[in-house]
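Here is the structure we will look at.
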Amino acid sequence: MATRKVTSSQSVVSITRMTEHDLLEVVEIEKLSGISAWGWDAYHNELQSPEDVIMLVAANGESTQESGQALAGFIVSRLVAGELHINNVAVRPEFRRRGVAAQLLTAALSQGRVQGAGFAFLEVREGNTAAQGLYRRAGFAVTGRRRGYYSQPVEDALLMSRTLETWP
């Protein structure tokens, strides 16, 4: 995947493939976001199947000299039997509500479509209304529920899906 510079009204980020060099920041963003923890090893293992995974990072286009942080967010998804499963999306707190997650999601869905996925699905915490709004704006709809799917705290997952036949 070529580097893709995306500008929104609030943030400039470059969307690129995740590499092993990104993993420390990815794990840091994961912790800051409170998503279900995968950790360094799980992300590293996913990187070992580049033909089956779409793992992207959003590089901060703003000056990073003060913070030393280069990544604004990331997305991890996997291609399985013609379907794209969105596993994790997370953005640093200071970059939220700036369109970074939407840019990452758009890039992953586009790449999934190019790689032959006709359908995309994900699970989202029932209480995460911000993420649900993001996914609805991207054309996802609630198609089911997994009771007690998440732990710490225990919470239901809403299943959301969309076709990629009409993407974008």
Taking the stretch 115-163 and keeping only residues that are crowded, with 18+ Cβ neighbours inside 10 Å, in contact with an Asp or Glu (Cβ under 9 Å, 6 or more places away or on another chain) and aliphatic (A, V, I, L, M), one is left with Ala117, Ala120, Ala157, Leu158, Met160
Output for Cβ contacts, cut-off 7 Å, separation at least six or different chains, first residue closer than 19 Å to Ile35 by Cβ and touching a residue at least 60 places away in the same chain (Cβ under 8 Å) in the stretch 140-158, second buried (at least 16 other Cβ atoms within 10 Å of the Cβ) and not basic (Lys, Arg), reads Tyr150/Ala157
Exercise for review: Test Leu71 against the criterion of being of a type in the set (A, V, I, L, M, F, W, C), touching a strand residue (DSSP E or B) at 6+ places or on another chain (Cβ under 9 Å), crowded, with 21+ Cβ neighbours inside 10 Å and within 22 Å of Trp40 (Cβ to Cβ), and give yes or no.
Suggested key: yes
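Yes or no, residue by residue, for (1) touching a strand residue (DSSP E or B) at 6+ places or on another chain (Cβ under 6 Å); (2) buried (at least 18 other Cβ atoms within 10 Å of the Cβ); (3) modelled with pLDDT of 95 or more:
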| residue | (1), (2), (3) |
| --- | --- |
| Ile35 | yes, no, no |
| Leu56 | yes, yes, yes |
| Glu83 | yes, no, yes |
| Arg97 | no, no, no |
| Ala107 | yes, yes, yes |
| Gln111 | yes, yes, yes |
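The values are calculated or read from the model by the stated rules, or taken from the named source; none is laboratory data. Predicted, not measured: the structure shown is a model, and the values here were computed from it. Cβ sites come from the backbone with ideal geometry, for glycine too, and all protein chains shown count toward neighbours.
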